[in-house]
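Taking it in order: structure first as structure tokens, then the write-up.
The values are calculated or read from the model by the stated rules, or taken from the named source; none is laboratory data. Note that this is a predicted model, so its numbers are computed, not measured. Neighbour counts are summed over all protein chains in view; Cβ atoms, including those assigned to glycine, are modelled from backbone coordinates with ideal geometry. Each accessible area value is taken on the protein alone, full model and side chains, heavy atoms only, with ligands, DNA and RNA left out. Shrake-Rupley method; radii C 1.70, N 1.55, O 1.52, S 1.80 Å.
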Amino acid sequence: GTGDATTYIVPPSRAVWIAPGARHTILALEAAEFRTVYMHADVTPAGWTGCRMLGVTSLLRELIPALDAPGLPAAREEALALLVMQEIAQAATLQLGVPLPHPASGDKRLRALCDAVLQAPGRRHTLAAWAADVGASERTMTRLFRDELGTSFQPWRQQVVLAHALPLLGRGLPVSQVAALCGYASESAFAAMFKAAMGQPPSRLQSEIGL
């Protein structure tokens, strides 16, 4: 998007590439173990200008801890680092970020609407209803989403729902319960949305992380 801030929820088997010089903070929502790989700005893959969510391949998952092996010979470290960079450069880019209005310069009505949706991601209101709550018209909010966040409301809200659902699934909640908490009347409808966005059903994500 074109907004100045994006929130990424990072489930297992995913990683976030943070662009050189990008200001960022990390918050652990659950008990978690994660690894950070630091790379020189000069090795940024061609065409990568901002932050992005990446899929972590099985090979990349094994390569990163291998770099931490004690007494690693320099030649092996160099070979592993080269493979890590190749895996990162060819990793699938995933749409799993929630762009947010700038806290200072963004339109206050858009900020209020986004905050309301983030606080209650299970409410299945239309954009017109959310807009009325913050004293704006649907047309005005449609324009603000486009101009400030570079997206429309429905795709943005879907990202919010996914960001809400992933930690719940990672915690081991049944898919049916997660679907209800996300405002879906049926588990199958939620699973279809999740698979279309993530490339796999929620049950498979849970099996990948041993749940």
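Table for the structure above
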item	result
Scope the stretch 33-74; condition in contact with a helix residue (DSSP H, G or I) (Cβ under 9 Å, 6 or more places away or on another chain), open to solvent by 80 Å² or more (accessible area, probe 1.4 Å) and either within 27 Å of PRO167 (Cα to Cα) or aromatic (Phe, Trp, Tyr) (or both); matching residues	ARG35, LEU59
Subset of the stretch 163-211 (residues that are acidic (Asp, Glu) and outside any helix (DSSP H, G or I))	none
Selected residue (criterion: surrounded by the most Cβ atoms within 10 Å (Cβ to Cβ)) from residues of the stretch 126-151 that are outside any helix (DSSP H, G or I) and polar (S, T, N, Q)	THR151
Pair list, Cβ < 9 Å and 6+ apart or interchain, from the stretch 117-132 residues that are touching a residue at least 40 places away in the same chain (Cβ under 8 Å) to residues that are of a type in the set (Val, Ile, Thr) and open to solvent by less than 40 Å² (accessible area, probe 1.4 Å)	VAL117/VAL160; LEU118/VAL98; LEU118/VAL160; PRO121/VAL160; PRO121/VAL161; GLY122/VAL161; ARG123/VAL117
Filter result for the condition that a residue is surrounded by 16 or more Cβ atoms within 10 Å (Cβ to Cβ) and at positive phi, over GLY183, GLY106, GLY170	GLY183
Out of GLN159, GLN154, sole residue that is assigned to a helix (DSSP H, G or I), modelled with pLDDT of 90 or more and under 30 Å from SER105 (Cα atoms)	GLN154
